[in-house]
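Novice: Can you read through this structure? Questions will come right after.
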Amino acid sequence: PAPAPSPDAETEAAILPAYRELYAENPDLVGWLRVDGTNIDYPVLQTPGDNEYYLRRGFDRLYATSGSLFLDERCRITPDPTANWLIYGHNMADGSMFGELDAYADEDFWREHPTFTFDTLTEPGTWAVVAVLRTELGADELPYYTFFDAADRADWQARVDAILALALYETGVKPEYGDQLLTLSTCGTSSVYTDARFALLAVRVA
């Protein structure tokens, strides 16, 4: 009989054709995020054990002021995905990375772009914006940036409600327990010396 494929070979076989070459270049790749109407069209990386590796590194792992978009090390995409995936990016003054994420502070922009795409390596995904919020580090009892998994339905609902309570406007999109959530997080200003945070919670719809 043919030898069983190694886990890596199985992983690579499952990767969407569009991302195979990129994954071969950098296996820290976990997906690709694109938000129409902004410059956001980037790979998303993850480095468990060194969560801030890409804070000031590009996809090529070389020093880059703008860093890269990266998924928190506490998030699992497969198997047994965490309830909420959290992607960080710098709020760059030149508009790169998450420099234009705060376009969503404008309700009209959201109306024109109610969804965006985040593909994992193996599955394309469309996400609907649930809530857009501004806050500060340490200001909230249940901070969005500590929400990865939930102990049970009540815990999950409390977490989602805490985010919805900070929403800048009503989207009418209500996630349900068991839905896959995704949070995009950046600084509230382009200064690195700020406790202000701007974030967007979304739910997978396709």
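Novice: Going 7 Å from the Cα of Ala14 in the Cα-to-Cβ direction, what parts of the range 69-92 have a backbone nitrogen less than 11 Å from that spot?
Specialist: Residues 77-81 fall inside that zone.
Novice: Mind checking the per residue accessible area of the chain for me, 1.4 Å probe, whole number of Å²?
Specialist: 50
Novice: So for Arg57, Arg20, Arg111, Arg204, what's the accessible-area order with a 1.4 Å probe, most first?
Specialist: Largest accessible area first, the list is Arg111, Arg20, Arg57, Arg204.
Novice: Sticking with this structure for a sec: Hey, any idea what % of the chain's accessible area is carbon plus sulfur with a 1.4 Å probe?
Specialist: Of the solvent-accessible surface of the chain, carbon and sulfur hold 51 percent.
Novice: For the chain, what does -39500 (n - 2.57) per DSSP helix run (n ≥ 4), summed and divided by total residues, give at 222 nm, in deg cm²/dmol to the nearest 500?
Specialist: My calculation for the chain gives -4500 deg cm²/dmol from helical runs alone.
The values are calculated or read from the model by the stated rules, or taken from the named source; none is laboratory data. Nothing here was measured: the structure is a model prediction, and the numbers come from that model. Neighbour counts run over all protein chains shown; Cβ positions are idealised from the backbone, glycine included. When the accessible area is computed, the model is the full protein with side chains, heavy atoms only, and any ligands, DNA or RNA have been set aside. Shrake-Rupley method; radii C 1.70, N 1.55, O 1.52, S 1.80 Å.
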